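Remarks on the structure that follows.
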Amino acid sequence: MKESLLGAQAAQGGASSPPGSAVLIMLAMVAVPCVVASVIWPLATFAITATFCVLARAWWSGHWLVRNRRSTRVRGTLRVVSFPIALAGSALSAAVWPGVPASAVAASAFWVAAGGDMGDMWWSQPGPMTVAGVVFGVVCGGIVGREVERIGVHVPDLRREGLRALSVLGGFVALCAAAVRVLAWVLPHAL
């Protein structure tokens with residue numbers, strides 16, 4: 001039975017993987033060093049989340065730019081040439097949306113986690129900074145994820161799986177960093 005399934009897959013062009021799985025594997029490999037950086041320096045969570053949001057926007061804006069071009073060579077050249085401009089425009093727009101609302105919510109979460117007192121050198125407090133990073137990552141990922149769905153309606157050939165994964169990767173990194181911090185705090189107290 002197993003041999004017949006493998007033979008059927010080989011006849012269809014080899015073992016195939018679900019669409020978007022290569023992107024997910026690549027993002028998982030990128031997530032590991034990002035989680036380590038976020039655990040060592042919690043402020044890095046904000047930079048990581050912002051980077052992934054900006055890259056997701058630059059990716060779909062480049063795709064939107066070439067959507068009506070027929071030639072593969074022209075599409076590729078346009079994407080390469082316009083990527084720095086798309087990246088700069090994405091960074092500016094992401095600073096306003098979702099940057100401002102996500103930062104406001106994260107600052108509120110930091111203030112609550114810090115007990116209402118930010119104190120001196122607030123950026124070096126790992127607990128409240130981790131909470132704020134999780135909130136920032138989740139809000140940014142949610143906003144950009146909704147934008148991916150909305151833009152996908154207007155650009156039907158856009159591969160949304162990879163973009164969705166890229167947009168939520170910042171929030172995933174923040175959640176993993178928070179889980180590592182909780183385990184590091186709980187395990188010594190439990191033993």
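The values are calculated or read from the model by the stated rules, or taken from the named source; none is laboratory data. What you see is a predicted model, and the numbers here were worked out from it, not measured in a lab. When we count neighbours, we look across all protein chains shown, and the Cβ atoms used for this are built from the backbone with ideal geometry, even at glycine. Ligands, DNA and RNA are stripped out before the accessible areas are found, and what is left, the full protein with its side chains, is counted by its heavy atoms. Shrake-Rupley method; radii C 1.70, N 1.55, O 1.52, S 1.80 Å.
Assorted remarks:
- Candidate set: the range 144-168, residues that are of a type in the set (Val, Ile, Thr) and under 27 Å from Ile40 (Cα atoms); chosen: the one surrounded by the fewest Cβ atoms within 10 Å (Cβ to Cβ): Val168
- Selection count where residues are in contact (Cβ under 8 Å) with a residue 60 or more places away in the chain, out of contact with any Cys (no Cβ under 7 Å at 6 or more places or on another chain) and open to solvent by less than 70 Å² (accessible area, probe 1.4 Å), scope the range 172-183: 5
- Where Phe136 falls short, out of the listed (1) of a type in the set (A, V, I, L, M, F, W, C); (2) outside any helix (DSSP H, G or I); (3) open to solvent by less than 30 Å² (accessible area, probe 1.4 Å): (2)
A quick yes/no check of all residues on (1) out of contact with any His (no Cβ under 8 Å at 6 or more places or on another chain); (2) under 22 Å from Val153 (Cα atoms); (3) among the small types (Gly, Ala, Ser):
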position	(1), (2), (3)
Ala44	yes, no, yes
Gly62	yes, yes, yes
Asn68	yes, yes, no
Arg73	yes, no, no
Gly76	yes, no, yes
Ala86	yes, yes, yes
Leu92	yes, no, no
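- Cβ pairs under 9 Å, 6+ apart, first in the range 69-85 and hydroxyl-bearing (Ser, Thr, Tyr), second surrounded by 12 or more Cβ atoms within 10 Å (Cβ to Cβ) and not in a helix (DSSP H, G or I): Ser82/Val66
- Residue that is open to solvent by 80 Å² or more (accessible area, probe 1.4 Å) and touching a residue at least 24 places away in the same chain (Cβ under 8 Å), where the choices are Trp41, Trp64: Trp64
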